[in-house]
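Q: Below is one structure. I have some questions about it.
Just so it is clear, none of the values below were taken in a lab; they were calculated from the coordinates. Nothing here was measured: the structure is a model prediction, and the numbers come from that model. Cβ sites come from the backbone with ideal geometry, for glycine too, and all protein chains shown count toward neighbours.
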Amino acid sequence: MKATQITSCAEALRVLAEHLDHELSEQVDAELRAHLDECRSCCSRADFERALRERIRELGDEQVPGEVADRVHRLLAGFAGPPPQ
């Protein structure tokens, strides 16, 4: 990722996943950490994302009920839009 300056919550949230995956440059990561130190809202979001990722890791290969999997697939298809023709 190219260098940026985290000046808003939108920018902080845009790079949060890369931060959690340890994929940011040192400069951008430091800027994000500084923002998280000052912004309670973004810090809460980062805490939630960390906890969610940990819970997903803990679940491992646990089977998901078919109706839940079907619902998730329908939701994801809705985000992707109609299939190309």
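A quick yes/no check of all residues on (1) under 17 Å from the mean Cα position of the chain (by Cα); (2) within 20 Å of ILE56 (Cα to Cα):
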| residue | (1), (2) |
| --- | --- |
| THR7 | no, no |
| ALA10 | yes, no |
| VAL15 | yes, no |
| LEU20 | yes, yes |
| VAL28 | yes, no |
| LEU32 | yes, no |
| ASP37 | no, no |
| CYS42 | yes, no |
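Q: Filter region 7-24 down to the residues that are within 17 Å of ALA51 (Cβ to Cβ) and among the aliphatic types (A, V, I, L, M) and list them by number.
A: Listed by number, the residues that qualify are LEU13, LEU16, ALA17, LEU20.
Q: A further question follows. Which of the residues spanning region 13-30 are of a type in the set (D, E, K, R), surrounded by 15 or more Cβ atoms within 10 Å (Cβ to Cβ) and either free of Cβ contacts under 8 Å to residues at least 12 places away in the same chain or not in a helix (DSSP H, G or I) (or both)?
A: ASP29
Q: Would you check if there is a residue in region 31-41 being part of a loop (DSSP other than H, G, I, E, B) and either β-branched (Val, Ile, Thr) or touching a residue at least 24 places away in the same chain (Cβ under 8 Å) (or both)?
A: Yes, the conditions are met somewhere in region 31-41.
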